[in-house]
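Written out below as structure tokens is the structure these notes cover.
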Amino acid sequence: MNITILNGSPHKKGTNAYLLDEFIRGAEESGHEIYRFDAAFKKVHPCIACDRCGCGDNPCVFQDDMVELWPELEKADIVVFASPLYYYSATAQLLSVVARFYAIDKRLKGSSKKAMLISSGTNPSDWAMMGIQRSYEEALMYLEWADIGRVLARGCKTREDAEEKGFGEKAYELGKNIREGSK
Ligand SMILES: Cc1cc2nc3c(=O)[nH]c(=O)nc-3n(C[C@H](O)[C@H](O)[C@H](O)COP(=O)(O)O)c2cc1C
């Protein structure tokens, strides 16, 4: 399957980078094709709601690095949303990318894709990822995509925390166990 990964972390060797490396290792071992978009190192202008795109009828006014991502989103069977928690939400880098889905909204909505959420945050509390999970769930309800897995690395400030707490293994297993018709 084609898997498109959206990474919102600005840390090249941080927690999410580690979780994604492990996820990719598992997914590639199972024969899946990976495309990874590290949003923090790309040029992505925030959506300005000019509506010139008509949600997919016309080109977006910003022909930045989203030009590379849009086709990868359209062809993806699975989209992975990965981000550290920043004030209990995803990073601005990831949220800017997601808002720019708008330019191809008509082709993404109802396209029966599957999705995954990977996140990390310092706070170990159970409630700490309620917000990011809820906005992920609502976006999926709108898009009519199905959630097929999450790695929620709570209590992890650094990649070493994630390594010690076994979240790398969880991410690897998530990638490794993706099958045609995964649910
Ligand atoms: C600006 C900022 C805001 C943060 N907000 C939260 C937060 O709301 N809750 C939390 O648990 N951790 C928070 N953190 C900690 C990061 O989410 C955590 O260190 C994460 O594992 C970093 O992932 P990365 O190395 O992939 O970037 C914040 C860190 C920064 C820099």
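Pull out the extension gain between Cys55 and Glu169, defined as 0.36 nm times the separation in residues minus the alpha carbon to alpha carbon distance; nm, one decimal. All intermediate terms of the calculation are to be shown ahead of the outcome.
Numbers: separation 114, 0.36 × 114 = 41.04 nm, distance 3.87 nm.
Answer, rounded to one decimal: 37.2 nm.
Only Cα pairs under 8 Å and at least 6 apart count here; give the relative contact order of the chain as a rounded whole percent.
31 percent
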Checklist entry - Hey, any idea what % of the chain's accessible area is carbon plus sulfur with a 1.4 Å probe? => result 52 percent
Next on the checklist: I'd like the distance between the alpha-carbon centres of segment 85-142 and segment 16-65, rounded to an integer number of Å.
Outcome noted: 13 Å
Checklist entry - Which order do Glu169, Glu163 take by accessible area at a 1.4 Å probe, largest first? => result Glu169, Glu163
Checklist outcome for this item: So Asn123 and Lys12, fully extended at 0.36 nm per residue minus their Cα-Cα distance, gain in nm 37.8 nm
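Calculate, for the chain, the solvent-accessible area per residue in square angstrom, rolling a 1.4 angstrom probe over the heavy atoms of the protein chains. Let's see the in-between values first.
On the way: 8980 Å² over 183 residues.
With all protein chains present, the chain gives 49 Å² per residue.
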Next on the checklist: I'd like the accessible area for Val61: 1.4 Å probe, protein heavy atoms, all chains in place, Å² to the nearest 10.
Outcome noted: 60 Å²
Checklist entry - Over the Cα atoms of the chain, how large are the radius of gyration and the largest Cα-Cα distance (Dmax), in Å? => result 15.7, 48
Checklist entry - Leaving out ligands, DNA and RNA but keeping every protein chain, what accessible area does Tyr172 have, in Å² rounded to the nearest 10, with a 1.4 Å probe? => result 40 Å²
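In nm, what is the difference between 0.36 nm times the number of residues separating Glu74 and Glu180 and their Cα-Cα distance?
Values: separation 106, 0.36 × 106 = 38.16 nm, distance 1.79 nm.
In short, 36.4 nm is gained.
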Checklist entry - Based on the Cβ-Cβ distance from Glu28 to Ala139, what FRET efficiency comes out when R0 is 30 Å, to the nearest 0.05? => result 0.70
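The values are calculated or read from the model by the stated rules, or taken from the named source; none is laboratory data. Fair warning: this is a prediction, and the values are worked out from it, not measured in the lab. Glycine gets a Cβ as well: all are built from the backbone with ideal geometry, and neighbour counts include every protein chain shown. Quick note on the areas: whole protein, heavy atoms, side chains included, nothing else; ligands and nucleic acids left out. Shrake-Rupley method; radii C 1.70, N 1.55, O 1.52, S 1.80 Å.
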